[in-house]
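A quick write-up on the structure given underneath.
Please treat every number below as a calculation from the coordinates, not as lab data. Because the structure is a prediction, the values reported are computed rather than measured. Note: ideal-geometry Cβ built from the backbone for every residue, glycine included; neighbour counts use all protein chains shown.
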Amino acid sequence: MRRLFSAAYFCSFSLLAASDAPAAPAAAISSATPLILQIRVVEGDNAAYTAGSRAVRGVTVEVTDEAGKPVPNAAISFRLPEQGPTGTFSNGTQTEVTSTSPSGRATVWGMKWNRIPGPFAIRITAAKGETRAGAIVQQQLLEPSSPAAAALIARQDPMSKYKIRRSRKWIWLTALAGAAASGGLVLGARQGGGSSSSSSSGGGPVLTIGRPSIIVGGGN
């Protein structure tokens, strides 16, 4: 009788302990899917490039949840315009899809721009489970011959002005060398023309003038 009572007491205690245990799997699932996604543009907003060039800087975004914590493994889509000032990503299309790192960041770079100057927008979409968010990054393509493009090139490559000066110097030296060569050819032509003239006079027809005759009339 005592053994039967002890077994019944142990079973009831086990059932009570099991009912008080927390539902760990349910809590893990709820925390894996954020209620809100927030996109912050870290780099690339209001960037400008010369039309027809390639992007030397990327577009970086950071995705966080409702508590401001980074969201890893979120799907990020970058989309360029289909017409007007636009370009292509490294995959040759106007859409690039990647995922966020453990720090909640995603980057795309190496875009090849077309030759149409003007402003354009890169549309960004973030997705994690059923939660979505969007953002827009504004950029601009500059006319290659514009002063703004020249200033942009100078900022991106501080040695560009020295390269331009050096190229102009070589053009000037080439022009001087060409002028000197042309002068030598003209001088040679003149000298050659004189010698050919003298040789032609020696072998050409000779004009002979007869002796002059003087007639003296008789006086009346």
Highest to lowest packing among 105-114, 80-89, scored as the average C-beta count within 10 Å: 105-114, 80-89
Separation of alpha-carbon centers, segment 85-148 and segment 31-83, rounded to whole Å: 8 Å
Segment 33-144 - Rg (one decimal) and Dmax (whole number), Cα, Å: 14.3, 47
Separation in nanometres of the label points that stand 7 Å from Cα toward Cβ, at residue 154 and residue 95: 4.2 nm
